[in-house]
Amino acid sequence: MLKWFRKYNKFILAVGCVVLMVAFLIPQAVQMFSPTGQNFVVGTINGEDVTEGDLVRAAFQLDLLRGMGVPDSVIGDSRERWLMQVNEARRLGLDASGGEVAAMLTAVGLDDEALNRRARESKVPAEFFRQTVREYLAAERYRMLTMGRRYDTAVASTDSPGLTTLTLWATDFLPEIQRNSREGGDPQFARRLQGIFSALSVGNGRMSPPASSYLARNALERVGGRLLVIEPEPENEAAVDEARLERLFEEYREFFPGRGRPYPLGYRQPEQVRVEFLRFPQQQALDAVTVESLDVFAYYRENKDQFAGSAEEAPDTPTDEAREQIEQRLQLAKAGELLRRGVAEARAMLDEDIRALETDDGYRVFPDAFEPVSLEQVAQRVNERTGLTPEVGNTGGWSSIDSFSQTEAGAARLPGSGASLAFYLALARELHPADTPLPAYVQVGVAGETGVSVNGDVFIPRLTCATPPRVPESLDEVREQVVADARRVNAYERLVAQAGDLADRAASEGLDALARDFEAEVNPIEPLPRRDPVAAAQTGRLVAPVVPGVGSSEAFIDAVFGVVADLPPEALLSEALTARERLIAEPIDSRLAVAVFEADRYDAPTRIAYEAFQRQNSVVAADFALLGDPGLLMRVIGEGSLAQRVGFELPDDRDDGDDTAAVDEQEAETAEADGAESPADS
């Protein structure tokens, strides 16, 4: 046997090597040709396979674009949607020129030298950077085309939507966000700016000349005059029948007072609280402290440079003016320290009173027989140990949070957050459902955080009772208010029926004579636009301007402009219209009053003003108002809509039944939150 192995050892060695080579290569071949890793097919676009490698490349491109400063609000965070946009842009023949690619790279600080350096550092060919930029610019063209949008030259002098978007972000928005971050400003500021950018980044619409004229007339055409607001006299009304009371109660029972529509009624009971508090007057502390001369000189020596003024060096001894300033500073500092001692003594006693009580989810559990220490006892302890005599006060009964916020104690601010004590106490556990997460542990019977008023007085509040908002169960609970409202509504409706007669009387007797009859005043009204351009720029909505005594009423403003609807631009009101034609009497449901307006001035927009308006960004802001639904744009280019348009399909064994419409709805809701609400905060 061994002789046979010795005889054929070379043959056996050759066969063994072949077997080992085959065994080594088979797994790699299986991996190469099996549907895993980069070659795994994840779907199809218009019948062509989309592999995992395609998606990895798309994700890498998104990272590169983010590194260049392109915000997520433009490119999104979905590699599938990016891939579909790029493929659809290619299918439609949309591309970007080499000049546009170079312009964008230059805009983000990547000239040829910087681009090559970035490519070496990231181990990515420079040409891949250029191709990514080219596909971004093409995808932006596709996005604008799909949404039916365009860019004017108001923002950037280029016809490339992608470069315009990036320029808008880099020049107007990113520097403000970075500055706010450096200065430690409001953290919501960046979110609001990003929301405004999300709205502006969709470009402005292809508005027809009639639409442009409409917007210009809204902002530039103005009417001025005199206004008389007549309120009804409910005391002259007869008794109201029960059926009328029941109807009014049922219609407005769910509204808070003053929030109902069409009439400003409401019977929903707001939260009610009873609050007691300790007040530490700052003046009392100032009067209790003294400043010694030695303290003044010591402070002057340590801070001598602050008092040099225009001289190169301050004198060796403080001047009278410097002495007075130092005494004030030291007195405030000593008074502040005394107040802190007094507050600390009071809080220590209040905390000790409830320290032994059990807690449940962070809130104290009060036994039925528990009697909290009185604030009078706390004030006495503070007086014994510090000499201060804090005052004890309360709301004097039940009060809403809104009413309490109008008091000095309720308006006092928390030193840390700046929130008012009224807002802080509104977070009380008793005012909210048990499952509502709250940002602070506030409850009845526990002393709250310290607040400081505008004049320096310090307050320690404690809720004694609190009831949440509720809807009245029956008319009898709010009968007195419903009866008063019913009489007021009846008087108003009777006044509305006389609106035409009121305008006739104003024309024949004069607006001032009518005002005397109703014991009211006539107020001049400066020329008003049909829609407020400032509000349009801030909120993206076309709203009626606010008129003193009337509010923002589109019906009233439209009636005012109806007076001049048929007048030529050069017409004079006094010559073109009679006294009666220049008068309107319009019901204002939201105020339960009738507004009598006499037009005496008409400013028609001139061609020069119209052209200037067209060159301003107000047109862009007003255009967003015409869109109505910012989420609609996201639905057009949402992942689900794109998938249907380009034929993106998952393999049968990968289809998880996701509803693409649901994806679009979620994206649309995000767009509405960022693009519609943030500009209004701005």
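The values are calculated or read from the model by the stated rules, or taken from the named source; none is laboratory data. These numbers come from a predicted model, not from an experiment. A quick note on method: Cβ atoms are made from the backbone with ideal geometry, for glycine too, and the neighbour counts reach across all protein chains shown. Just so you know, the surface numbers come from the protein's heavy atoms only, side chains and all, with ligands and any DNA or RNA stripped out. Shrake-Rupley method; radii C 1.70, N 1.55, O 1.52, S 1.80 Å.
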Positive end of the dipole of region 235-354, charges at C-beta (+1 Lys, Arg; -1 Asp, Glu), about the Cα centre: which of A333, P281, A298 has its Cα farthest in that direction? P281
Gained length - L567 relative to E324, 0.36 nm times residue gap less alpha-carbon distance: 80.6 nm
Taking a ≥ b ≥ c as the square roots of the eigenvalues of the Cα gyration tensor, with a/c under 1.5 meaning rounded and otherwise prolate when a/b exceeds b/c and oblate if not, region 283-326 is prolate
In nm, spacing of pseudo-spin labels at V124 and A369 (7 Å Cα→C-beta vector): 7.4
Counting only protein heavy atoms with a 1.4 Å probe and every protein chain in place, the carbon and sulfur fraction of the accessible surface of region 449-558 in whole percent equals 48
If you place +1 on the Cβ of every Lys and Arg, -1 on the Cβ of every Asp and Glu, and leave all else neutral, what size is the dipole of region 251-400 about its Cα centre, to the nearest 20 Debye? 680
Which whole-Hz ³J(HN,Hα) couplings does region 375-387 yield from phi under the Karplus relation 6.51 cos²θ - 1.76 cosθ + 1.60, θ = phi - 60°, glycine and proline marked x? 5, 5, 5, 5, 4, 5, 4, 4, 5, 5, 9, 10, x
Region 320-421 - accessible surface per residue (Å², probe 1.4 Å): 60
Please provide three numbers in whole Å: the alpha-carbon extents of region 394-492 along the principal axes, with the largest listed first. 50, 36, 22
Binning at 5 Å from 0, report for region 555-618 what percent of all alpha-carbon pair distances ends up in each bin. 4, 15, 21, 17, 15, 13, 10, 5, 0
As an exercise, use a Förster radius of 60 Å and the Cβ-Cβ distance of W398 and T106 to find the FRET efficiency, rounded to the nearest 0.05. 0.35
Between E242 and D558, take the C-beta separation as r, use R0 = 45 Å, and let me know the FRET efficiency to the nearest 0.05. 0.75
Placing unit charges on C-beta atoms (Lys and Arg positive, Asp and Glu negative, everything else neutral), compute the dipole magnitude of region 41-150 about its Cα centre in debye, rounded to 20. 240
DSSP loop GluC sites (Glu not before Pro) in region 434-529 with at most 11 other Cβ atoms within 10 Å of their Cβ, which ones? E473, E519
